[in-house]
Amino acid sequence: MKKLLAVLMALTLVLAFAACTKQPADTVDETQKTLIMGTNAAFPPYEFVADDGSFAGIDVEIAQAVAEKLGMKLEIKDMEFNSLISAVQGGSIDIALAGMTVTDERKESVNFSDTYAKGVQVVIVKEDSAIATVDDLDGKTIGVQAGTTGDIYCTDDYGQENVKQFNNGALAIQALLNGQVDCVVIDNEPAKAFVAANEGLKILDTSYADEDYAAAIAKENTELLDNFNKALAELKADGTIDKIVEKYINAD
Ligand code: GLN
């Protein structure tokens, strides 16, 4: 009996010691395992603030699924689209997921992950607008989201004096409804969401540009880039990405 007690006590001591030595490592891990995603949550269905105040959308769910695969906790920082690249570069966010188009110019500042969706720049006008195609945009006042590809293309094609920048799509749409701009150039899925949510608007049939969306990651953080791409490939292969997209975009 005494012998058994001694063995039990020794075992307890060993276990207690093991627990003690394990704890600090766990604690350190916890603090390291947060993936900070930056986005502009005014870009439905890719990112928006849901009725309950939480972040929702395709990018949010993809980031959540990737973080889960990497054993990380996802934290989301909402900011202006135009601040995302410098936030990635400065390290205040690990990754930007914001329906962000891969462009050569942005590639000079950040690395892009493999692409996970296609975007199209479209033109939104009022239902009774005289603008019928992209060719009618000359000399018109065009609303865009500052720093987006829509902004860059329109400024190049129609001149800065004809382009009005807004901090997000919702504000650009408001300006269109108020008559401050004649049209808004924006990505097709947010365009559909804005037109559905506001009376009297339509999307022109002719589109303006085709693009690829990807996540932006700091140049020096190649480990996260590799891990993100690996997780993304697995999520594409097992149908998770398709399922997320179908949840937010009707296939019609
Ligand atoms: N796809 C566009 C871009 O990357 C717009 C993205 C956005 O407004 N969130 O510039």
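The values are calculated or read from the model by the stated rules, or taken from the named source; none is laboratory data. The model shown is predicted, which means the values in this text are computed figures rather than measured ones. Note: ideal-geometry Cβ built from the backbone for every residue, glycine included; neighbour counts use all protein chains shown. The protein model used for the area step is the full one, side chains on, heavy atoms only, and it has no ligands, DNA or RNA in it. Shrake-Rupley method; radii C 1.70, N 1.55, O 1.52, S 1.80 Å.
Tabulated values for the structure
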read-out	value
Selection count where residues are open to solvent by 60 Å² or more (accessible area, probe 1.4 Å) and either within 11 Å of the ligand (Cβ to nearest atom) or among the hydrophobic types (A, V, I, L, M, F, W, C) (or both), scope region 165-190	2
Of the criteria (1) of a type in the set (S, T, N, Q); (2) at pLDDT 95 or above; (3) in contact with a strand residue (DSSP E or B) (Cβ under 6 Å, 6 or more places away or on another chain); (4) more than 20 Å from residue 137 (Cα to Cα), which one residue 168 fails	(2)
Members of region 228-252 that are open to solvent by less than 60 Å² (accessible area, probe 1.4 Å) and assigned to a helix (DSSP H, G or I)	228, 229, 231, 232, 233, 235, 240, 241, 244, 245, 248
For residue 217: the one exception among (1) within 14 Å of the ligand (Cβ to nearest atom); (2) touching a residue at least 40 places away in the same chain (Cβ under 8 Å)	(1)
Residue within region 143-157 that is more than 24 Å from residue 83 (Cα to Cα) and touching a strand residue (DSSP E or B) at 6+ places or on another chain (Cβ under 9 Å) present	no
Scope region 233-248; condition without any contact (Cβ under 8 Å) to a residue 60 or more places away in the chain and farther than 25 Å from residue 192 by Cα; matching residues	237, 238
